[in-house]
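Heads up, the thing below is written out as structure tokens.
The values are calculated or read from the model by the stated rules, or taken from the named source; none is laboratory data. Just so you know, these numbers come straight off a predicted model, no measurement behind them. Note: ideal-geometry Cβ built from the backbone for every residue, glycine included; neighbour counts use all protein chains shown. Protein only, heavy atoms only, side chains kept; ligands, DNA and RNA dropped before computing areas. Shrake-Rupley method; radii C 1.70, N 1.55, O 1.52, S 1.80 Å.
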Amino acid sequence: MVAIELQSGHAMPLLGLGTWNLRGAACERVVQMALQVGYRHIDTAYMYENQIEVGRGLRSSGVERSEVFVTTKIWRDALQYDQILQQFAACLEMLAMDYVDLLLVHWPNETVPLGESLRAFDEIAASGRARSVGVSNFTPQLIDEACALSTAPIVNNQVELHVGNIDELLVEHCRQKAVSVTAYRPLAKGDAANDALLMEIGERHAKSAAQVALRWLVQQEIVAIPKASSAQHLRANMDIFDWALDADEMQQLRRL
Ligand SMILES: NC(=O)c1ccc[n+]([C@@H]2O[C@H](COP(=O)([O-])OP(=O)(O)OC[C@H]3O[C@@H](n4cnc5c(N)ncnc54)[C@H](OP(=O)(O)O)[C@@H]3O)[C@@H](O)[C@H]2O)c1
């Protein structure tokens, strides 16, 4: 799996499986299937209520834990120091894992000082129980604050980003700070699959509109975490690495 190098020195696969709204046995089955067809990156969160199944899916896949990049997130109502330590311990217990690869602040919460939250994140990072730390849904100003307050490097900002919805200033700002960007909702919740321009470009490459949407992201070194629940979608979404969009197509999609 093609990966980028994070500021922490760890590698993060450019494609991962999103698991929001996947629950229970279906979640376990999809995680297992994804790892068996070659995914090496799974995105979950405390508030997705599926970490037990994510952990089970990984173990039943037969793929080694060390080969998989696992992200989880602390929900915005638990960003005080003690609450973070508590919620993170619960995450590891539910996942039945000793560490996660990336721990994110799920959403900013202006009622809790960011420095207090990041003190807990620093402690978790120093203990090795999160290999890297980062944030989600952070603005450029909050990114600056987080980078200034955190001892451990802030390696990633996970934000909503897809064709037709890209905040170029934010992406550029993150790049300047060496904060990688993960696109959540990379398929616009599935709407990308029916977009006329994506379909037209896809026809030229014998690819689907969804594949073009994902290729457009990873070609800019933006990590994409599409959620998919069938083997067909899982496989299709992986088939984005041995072909490329040309400069005109990239521009056309940027303007959409
Ligand atoms: N940090 C945050 O605040 C935040 C917020 C929202 C989401 N996220 C993360 O981002 C992940 C992805 O976002 P999302 O789940 O909202 O939306 P998404 O990944 O943009 O879209 C998922 C939808 O696309 C469909 N799909 C997948 N592959 C397809 C293909 N090849 N062709 C056609 N349709 C396809 C899926 O259908 P099937 O299920 O039928 O395959 C599903 O309905 C989440 O699962 C979560 O991990 C993070």
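Put simply, of PRO140, PRO153, PRO108 the only residue that is closer than 23 Å to THR44 by Cα and open to solvent by 40 Å² or more (accessible area, probe 1.4 Å) is PRO153.
The set of residues from segment 196-209 being away from the ligand (no atom under 11 Å from the Cβ) and part of a loop (DSSP other than H, G, I, E, B) comprises just one member, ALA206. For segment 167-175, check the following and say yes or no: at least one residue is of a type in the set (A, V, I, L, M, F, W, C), surrounded by fewer than 21 Cβ atoms within 10 Å (Cβ to Cβ) and touching a residue at least 40 places away in the same chain (Cβ under 8 Å). Yes, segment 167-175 has at least one match. Of everything listed in (1) within 12 Å of the ligand (Cβ to nearest atom); (2) closer than 24 Å to ALA125 by Cα; (3) touching a Ser or Thr at 6+ places or on another chain (Cβ under 7 Å), the single unmet condition for LEU79 is (1). Inspect segment 210-223 for any residue being farther than 26 Å from THR72 by Cα, of a type outside the set (D, E, K, R) and within 11 Å of the ligand (Cβ to nearest atom) and give the result as yes or no. There is at least one residue in segment 210-223 that is farther than 26 Å from THR72 by Cα, of a type outside the set (D, E, K, R) and within 11 Å of the ligand (Cβ to nearest atom).
Residue pairs whose Cβ atoms lie under 6 Å apart, separated by 6 or more positions or on different chains, with the first residue in segment 6-26 and closer than 17 Å to LEU104 by Cβ and the second modelled with pLDDT under 95 and in a loop (DSSP other than H, G, I, E, B), are PRO13/MET1. Selection within segment 181-205: residues that are closer than 30 Å to GLN7 by Cα and among the small types (Gly, Ala, Ser). The member of this set that is farthest from the chain's Cα centre (by Cα) is ALA188. Against the criterion of being open to solvent by less than 20 Å² (accessible area, probe 1.4 Å), away from the ligand (no atom under 11 Å from the Cβ), farther than 24 Å from TRP75 by Cβ and touching a residue at least 40 places away in the same chain (Cβ under 8 Å), VAL179 does not qualify. Candidates are the residues of segment 56-76 that are more than 30 Å from ARG119 (Cβ to Cβ) and small (Gly, Ala, Ser); the one that is nearest to the ligand (Cβ to nearest atom) is GLY57. Taking the stated definitions as given, is ALA228 touching a Gly at 6+ places or on another chain (Cβ under 9 Å), assigned to a loop (DSSP other than H, G, I, E, B) and among the small types (Gly, Ala, Ser)? The answer is yes for ALA228.
Of the set (1) farther than 27 Å from ALA26 by Cα; (2) assigned to a helix (DSSP H, G or I); (3) not basic (Lys, Arg), all apply to ASN237 but (1). Considering segment 210-231 alone, what residues qualify as being among the charged types (D, E, K, R) and either free of Cβ contacts under 8 Å to residues at least 12 places away in the same chain or buried (at least 24 other Cβ atoms within 10 Å of the Cβ) (or both)? Hit for segment 210-231 is ARG215, nothing else. Note on segment 154-179: among residues that are under 10 Å from the mean Cα position of the chain (by Cα) and of a type in the set (S, T, N, Q), the one that is nearest to ILE143 (Cα to Cα) is ASN157. Residue-level check: of (1) over 22 Å from GLU221 (Cβ atoms); (2) in contact (Cβ under 8 Å) with a residue 24 or more places away in the chain; (3) touching a Ser or Thr at 6+ places or on another chain (Cβ under 9 Å); (4) not in a loop (DSSP other than H, G, I, E, B), ILE124 misses just (3).
Which of the following residues is within 19 Å of ASP246 (Cα to Cα), at pLDDT 95 or above and assigned to a helix (DSSP H, G or I): VAL171, VAL212?
VAL212
Find the residue count for segment 22-73, including only residues that are farther than 20 Å from SER132 by Cα, outside any helix (DSSP H, G or I) and not polar (S, T, N, Q). Residues that pass the stated criteria total 6.
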